[in-house]
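The values are calculated or read from the model by the stated rules, or taken from the named source; none is laboratory data. Given the structure is predicted, the values throughout are model-derived calculations rather than measurements. Virtual Cβ from ideal backbone geometry, glycine too; neighbours counted across all protein chains shown.
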Amino acid sequence: MIRPASLLAVFICACATSSSTSGGAGAAAPAAAATATLEARSGSTTTGTARFTSAANGLAVHLEVQGATPGEHGVHVHEKGDCSDPKAASAGGHFNPNGGAHHGGPTTDPRHGGDLGNMTVDASGKGTLDVTVSGLSLDGAQNGVIGRAIVVHEKADDLQSDPAGNSGARVACGTIQAVH
């Protein structure tokens, strides 16, 4: 025979399990934005911050750097959110959710999803990039950037050569993390 207290405990557990798996109060909300703190790599002094937000036509990226060499620098989202290697090789290749797409710029077709184009750094070592790219989202199994890395390269990206646009060493790297 089942005691009333045991039956009540079973009922409470079943209700708690049901509400936490059906999008109830315990479900995690989707990310409102994502950020990354970029640290210097490959012997550079380049550091910075990046912010990612959803936009009507894709993903908006705002990147600010300091301590960089003046001139043009290629910027990409890379496959892995691992910047632990001194040369950021642990971040893997460019994020390419489209499979076999070739390297390009933020508005070319085809292109790697992670191709963000170039940023200009001024004589004081500061630079800003604002770009909106299609085909990417904050989170999502195929095209999400959360958990990946943003990388600034030493040279300008030629926006066409595979695999990385001849943009040189990885001078700054940051892991992209959700902001709720």
- Note on the structure: If you go through Asp115, Asp122, Asp85, Asp109, the only one that is modelled with pLDDT under 90 and under 19 Å from Glu154 (Cβ atoms) is Asp115
- Could you tell me which of the residues Ala55, Ala89, Ala149, Ala60 is touching a Cys at 6+ places or on another chain (Cβ under 6 Å) and among the aliphatic types (A, V, I, L, M)? Ala149
- Query: Which is at pLDDT 95 or above and assigned by TED's automatic domain parsing to the domain that holds Glu39, of His78, His102, His62, His94?
  - Reply: His62
- Is there a residue being surrounded by 14 or more Cβ atoms within 10 Å (Cβ to Cβ), farther than 18 Å from Pro97 by Cα and of a type in the set (Val, Ile, Thr) anywhere in segment 130-143? yes
